[in-house]
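Working notes for the structure below.
Read-outs: derived from the displayed coordinates by stated rules, not from any lab. None of the values given here were measured: they were computed from a predicted structure. Methodologically, a virtual Cβ is constructed for each residue, glycine included, from the backbone with ideal geometry; neighbour enumeration extends over all protein chains shown.
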Amino acid sequence: MSEIVSASHPVDSLLRADRLPHIWCPGCGLGSITATYMGALQDSGLPMDKSVVVSGIGCTGRVAGYVDLDSFHTTHGRAIPFATGVKLGNPELQVTVISGDGDLFAIGGNHFLHAARRNLDLLVVCVNNFNYAMTGGQAGPTTPRQAVTSTTPRGATDQPFNLQQLATSLGVSYSARWTALHLRQLRDTFTRAIGLHGFRFVEVLSPCPVGFGKDNGLGEGLDEMEFYRSQGVVDRRITPAMASVEMSRTSPLPLGVFADPDDAGTEWPGSTRITNGGVPS
């Protein structure tokens, strides 16, 4: 299998093919997100020996083990402190943290807050699937209200984090949100973020058909993506404070760029509900 992957994948030179196939569930968005990030690295023109990936614990934490770069698979919630040490040790490196919503915003929440307010030169990618997927589908800090999880069988009642509002309130250099379906926009976003400095944040909404989708009647991975697609709105009049995520088919799901030093968000289509599979024609 590893020989087939290494011979056919467009980013095979950046993947540890001997560790493939991956362990992620069918319908999970992590494979697409990983390939899109690696493609953005190629687009950026950055030397691969200047690129480092750091992750924590959880499904997303496995990314560090599949990329053929200098990478660190760290302890739970501590990806950002490890990444900070790498960056301070060698400021010439492009250091990217790729981890999940539970790892980054529950046990690792304080590290995100302080790294962001200090505007450390890091790119932090949060793959947000709204639950602790690897450990049994428990509710996490981004689980929407009324969502069913293994620890909220009658629906979540806690107010979830609005990650875009949180990030922008801390003064980050760049902040954006897409889904695992919006791979062209996501690749452009990754490429843009890699080329900037300061604390950059990219949130990617990803399906979790096993841990989250089945309990909330969202079906398989593509069905869950269709739910997000049908609710997705890119509108520059939507502020980060309005970018909350709700489990309702009548509530819009704000996507796009929410903070950019050059206000590059003007390139995204505005004031329209996303159509045509979520990719503007």
Along each principal axis of its Cα atoms, how long is the chain end to end? Whole angstroms, biggest number first, please. 46, 43, 40
For region 18-278, calculate the relative contact order in percent as a whole number, restricting contacts to Cα pairs under 8 Å that are 6 or more residues apart. 18
Computed lengthening from His197 to Arg236, 0.36 nm per intervening residue step minus Cα-Cα distance: 11.7 nm
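Counting other beta carbons within 10 Å of each residue's own, what order do Cys208, Cys59, Cys25 fall into, fewest first? If you can, show how the numbers build up before the last one.
Working: Cys208 30, Cys59 26, Cys25 15.
Exposure proxy ranking, most exposed first: Cys25, Cys59, Cys208.
Looking at the calculated P(r) for region 51-114, what percent of the C-alpha pair distances fall above 16 Å? Don't jump to the answer; show the numbers that get you there.
On the way: 734 of 2016 pairs.
The answer is 36 percent, as a whole percent.
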So for the pair Asp43, Ser13, with labels modelled 7 Å out along Cα→Cβ, what separation do we get in nm? 1.8
At 4 °C in a medium of viscosity 1.567 mPa s, region 72-191 has a Stokes-Einstein diffusion coefficient, with Rh taken as the Kirkwood radius over alpha carbon pairs, in µm² per second, of 85
Hey, what does the equivalent ellipsoid look like for region 1-159, semi-axes from the Cα gyration tensor as sqrt of 5 times each eigenvalue, largest first, whole Å? 27, 22, 11
Label-point separation in nm, Gln138 to Arg184, each point 7 Å along Cα→Cβ: 4.1
Nitroxide proxy distance, nm - points 7 Å out along Cα→Cβ at Asp70 and Lys214: 4.1
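State the extension gain, in nm to one decimal, for the chain segment bounded by Lys50 and Gln159, taking 0.36 nm per residue of separation less the distance between their alpha-carbons.
Numbers: separation 109, 0.36 × 109 = 39.24 nm, distance 3.94 nm.
In short, 35.3 nm is gained.
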Summing -39500 (n - 2.57) over the DSSP H runs of n ≥ 4 in the chain and dividing by its residue number, what mean residue ellipticity at 222 nm do you reach, to the nearest 500 deg cm²/dmol? -8000 deg cm²/dmol
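Exposure proxy check: Asp121, Asp18 ranked by fewest other beta carbons within 10 Å?
Asp18, Asp121
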Per residue, the convex hull volume that the Cα atoms of region 81-141 enclose (Å³): 78
